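Scroll down for the structure; my scribbles are underneath it.
Values in this text are rule-based calculations from the coordinates and carry no lab data. The model shown is predicted, which means the values in this text are computed figures rather than measured ones. Heads up, the Cβs are rebuilt from the backbone with ideal geometry, glycines too, and the neighbour counts pull from every protein chain shown.
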Amino acid sequence: MTSLRNLPRAVRAAITRVLGTTWGRRGLGTAAVVLVALTGTFVGTMLLAQTHIEVGPFHAEMSITPSLKGGTEVDIPPLGSLHLDSHDGPIHLKVNLGSLDQNRTEALIDDPTALTATGQRAVDEVTAGVLRLGLRALGAALAGSMLLAALIFRDFRRVAWAGVTALAVVGGSLGLAVGTVRRDSIAEPRYEGLLVNAPAVVGDARRIADNYGRYADQLQQLVSNVSRIYTTVSTLPVYAPQANTTRILHVSDLHLNPSSWGLIRTVVKQWNIDAVVDTGDIVDWGSSGEASYVSAIGQVGVPYIYVRGNHDSTAIQAAVARQSNAKVLDNSVVTIKGLTIAGIGDPEFTPDKSETPPAADGSATSPLQVSGERLATTIRGADPAVNVALVHDPAMATPLSGVVPVVLAGHKHHREVSTLPAPSPSPTVTPTAAASQSTAPAPAATQGPPVATRLMVQGSTGGAGLRGLEHEEPTPLTLSVLYFDEQHQLKAYDDIQLGGTGQSNVTVQRNVIGGPEPTTTPPARPTTPPSRSAATPKTSSSGR
């Protein structure tokens, strides 16, 4: 009533008249019943909507809680957790693999072939658990709402209506979750936990990609992966990759961060990487004093393929080339384990970002565009066909559209994946024009229809160096593992992100090619590039 007194007299009178009518009183009573029912439903589901199931060697606890985003979380202590975009909202499913059954675990250790049978039973066990959990949620909501209504209203009719409301809310929520289930979401889990355990928990990308859309097989695979982790305890082995799978680690913009090398070596070891590709800005100023930083390339243990960034001078490029396992690409091509990679260095040397950056007009005279055209010409003439192109600035990628399936870049300190716009068709040449051009050189032979080109821009594997501490939140360290099949086609990729300097959280996101395609956006050059200043053409070591 105090709040009503603060309202204007006319408004108070109107409210009083409405509440004084029969319909006003009924509406107020209905609102009270709905509010009590929702409160009781929330409390009941939070306290009682839980069940226990046996999944393989695990004693698992399943629970549901109200949520706006939905989804499923699988806790695997002490290794971390998997997050699945399994369904839409308003309920969130959580599965906690909290403990192991000693007898079943010992049986798996004694007979590793039993893992297959464990995975096959997992689908039925999880399905039965979800059904039982749904029934418990309905019962918990009914009990919570009716008990609270009885305590407040002490009226049988209102108690009954509260129960009906609770059943409708929970039943509708469960129906929405079932209706929006994405069975292929288990192919793209997001892992949070210890980096060294991520490959074992998430599983082999090639195997998941080949079985894309087959929900039961993927669930069996996931359960088997986790079972292997627990039963082998300390070694935590990963699945052996297929002999014809090539794993490439994409890093970029290390910016003199010494911690980047330890991270790269860890991922190379844990993911069984075949080669590392670096899309530039390995240092900050391009000075000769920074050349010693690149000596850690020799400790990576696999081929290291590098293109120059706008912070890297030709002296730094030469220092990289001196490393025994390094290959510098500057409008050149290299083949690693059957995968053909082409790349070109950034044509501009602009380590001082305090100057005004040039306008990103995308004109053909732009040094970035010219370098992209040069690389496209090299790729068209390459034999065997190029599978991956490397550039530093995404603005160099436009001429590569339709020329190569995958383009890797950096520079922006922000991870993006997009599909380059298809190249414009060649203009029709009239007979008169053709006659007038008869003396022109014959064009190079085409290599078939244009291919769709996926542009993958890496963040900063060095957390943007010292500049990563300029903001309130440090820039995260990012790198990606790319999986190529025997036809050298990209099958999947894992995006790895570590909290910036001073932080230790780790996230691994599995992305399977064949799911939703990335948004088609042109690789527009940023209006305020993270490290690009007035264009100063750089002289390459090859003398161009």
Q: Would you tally the net charge around Gly301, using a Cβ to Cβ cut-off of less than 10 Å, leaving Gly301 out, and scoring K and R as +1, D and E as -1?
A: +2
Q | Estimated inter-spin distance, Glu416 and Phe156, nm [label 7 Å along Cα→Cβ] | A | 6.7 nm
Q: Please give, to one decimal in nm, the separation of the simple spin-label points placed at His59 and Ser288, each 7 Å out from Cα toward the Cβ.
A: 6.8 nm
